[in-house]
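Heads up: the structure comes next, in structure tokens.
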Amino acid sequence: MTNKKKNSLYLGLLIFLSIISGALYLFINIRGNWEFALYLRLPKLMAFFIVAICISFATIPFQTMTENHLLSPNIIGIDSLYTFFQTASVFYFSSHSIINTNSIVNFIVSTVLVLGASIGLFYLFFKKFPNQIYLMLLFGVTLGTLVNSLNQFLQVVIDPNEYTVVLSRTLTSFNQINVHLIGLTFFVATPCILYLFAKSKVLDVIHLGRDYARSLGIEVDQEYLKFFVMISILTAISTSLVGPVSFFRLFRCKCLLSFIFYL
Amino acid sequence: MIQVEHVHKNYGNTPIIKDLSLTIEKGKLTALIGPNGAGKTTFLNMIGRLTPVDGGKILIDGKDLSHWNRNDLAKRLAILKQKNTMTAQITVRELLAFGRFPHMKGKIGPKCKQLIKHSLKYLGMEEYEYTYLNDLSGGQLQRDFIGMVLCQDTDYILLDEPLNNLDMKYGVQIMNILRDLVDEMGRTVIIVLHDINFAAAYADRIVGFKDGEKFIDDVSTQVIQKPVIDELFDMDVEIIKHNQQNYCLYYQDRKQFFNHKVHELNEVKKAVNQ
């Protein structure tokens, strides 16, 4: 079997498996009212779905641009920034302010802030200090540590009741997801995803390296900027929807645990 | 025709190319030779617009390089780089298809398929058409990249040490393919070579680079002469004539090699003893 056919087979198998998993998640072990169970489960499944797509569509261009297949955009420290924004907003604006009570306002504000910060960080690591992967990693790790310390400090200072608001936002959770947020996320993510699909051929060529891409007629710097913006938007909205999603660790763990539990 | 006018380039504070002016004629195979660090790769990268020019200008077919739209330039000029490695999982056929990107933007038409088939045959890679690149040897990978540049089907073909990693047979084959492109299809080829005998055998004109400057720019028979090569490479070579072409024998034993340098060695010894 040629490589192409093998790949198509694997892809088909994976799609089939994900549909089966989704169906199982929705319909297995429903004791009682179907409508009620689906009402609870469907938003979660849709959140899984969107977050998975957003993260994959953000990671592939990122890996192409950094020429490294192990990294994900979170490495720059976007998750830490999100956590910091949440903590700081509760600290400065109190948990009663509209930013923290209205999910949609919180979503929009944190998305915009994370977007601005990540575009700044991308500019720093792709324009000012290009090809310095280790610098980027170091920065991300250091930023993460810094934010953790700040959070701990603020945790001590903030009223514990207020702090639970922070916790609820910054721990990754697929429970209690606002349906309106899912709609908003779809609305913002779809044009980005369609754009990346349309640019997939360009991304293929960039895989050959910056110089060959230039030789084949691609204005590499401009394309990089466009991809940054897309990656930033997709990462920002998926983080704002469910919280920090570093390497999808928590999701996979939850998935595995749920599966084992139900067996 | 490519005209280079008073071009200079620095990396930081180090000048790599100093006030270089050159004309590369259309429809000829021009070889660039010279010692390491002379600026040949930088020169080629500047023409291919992979690195910016610090001063002076380069004209391709009469139009200033910086005024060319990158996609139009890609249809006119193709460049092969010195180091070719591959991290992506793509097949040989897909790599060759990349060469068609400036023309077809990702779609494959009948002309593309024909060109790909031709390239595969020329390079002896037919049986590897659907093999992944990381399953190939260095020489095979090199031939694939050359194939990609050929598929780009451009008037100007710039190659930076394309014969690296290639055995004698494929070295000769590539040079013959390039000669065919020049003689039968009227293309212009600029090639950086380390083995000056390949340049002697196949190039119409040879340009010698030394210390970022043009050392010599002449027909190959005039360049492969003892005084020229001796000074260009700082060695003591022997020139032989064969089939109306000059070739260079530079394989020397230690005594021959160091005799030339005995004067310098004595200087060093004196300085160390002081």
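The values are calculated or read from the model by the stated rules, or taken from the named source; none is laboratory data. It should be emphasised that the depicted structure is a prediction, and the values quoted were computed from it without experimental measurement. Every residue, glycine as well, gets a Cβ built from its backbone with ideal geometry; the counts of neighbours run over all protein chains shown. Just the protein is used for accessible areas: all its heavy atoms, side chains included, with ligands, DNA and RNA removed. Shrake-Rupley method; radii C 1.70, N 1.55, O 1.52, S 1.80 Å.
Before moving on, here are some points about what is shown:
- Translational diffusion of region B:1-157, µm² s⁻¹ [Kirkwood Rh, Cα pairs; Stokes-Einstein; 4 °C; 1.567 mPa s]: 76
- Between chain B and chain A, roughly 1900 Å² of accessible surface gets buried, counting both sides and using a 1.4 Å probe.
- Oblate is the label for region B:1-41, because a/c, from the alpha-carbon gyration tensor with a ≥ b ≥ c as root eigenvalues, is 1.5 or above and a/b does not exceed b/c.
- Carbon + sulfur, % of accessible area of chain B - ligands and nucleic acids excluded, 1.4 Å: 50
- Counting Cβ atoms of other protein chains within 10 Å of each Cβ in B:70-79 and taking the mean gives 4.
- Cα gyration tensor shape for region B:94-181, rounded if a/c is under 1.5, else prolate or oblate: oblate
- The Kirkwood hydrodynamic radius of region A:105-184, based on inverse pair distances between different Cα atoms, is 15.3 Å.
- Here the ratio of the Cα radius of gyration of chain B to 2.2 N^0.38 Å is 1.09.
- Fraction of accessible area attributable to carbon and sulfur, region A:31-262 (%, probe 1.4 Å): 69
- Shielding of B:94-107 by partner chains, average beta-carbon count, 10 Å: 3
- For region A:31-262, taking Cα atoms only, Rg and Dmax work out to 18.8, 63 Å respectively.
- Relative to the Cα centre, the charge distribution of the protein assembly as shown, modelled as +1 at Lys and Arg Cβ and -1 at Asp and Glu Cβ, gives a dipole magnitude of about 1420 debye.
- Taken along its three principal axes, the alpha carbon spread of the protein assembly as shown comes to 96, 64, 46 Å, from the longest extent down to the shortest.
- Axial C-alpha extent at least 30 Å, average Kyte-Doolittle at least 0.5 - helices from chain A (DSSP): A:3-27, A:34-66, A:133-157, A:220-242
- Positive-end ranking of A:Phe129, A:Pro244, A:Tyr195 along the dipole of chain A, with charges on Cβ about the Cα centre, is headed by A:Tyr195.
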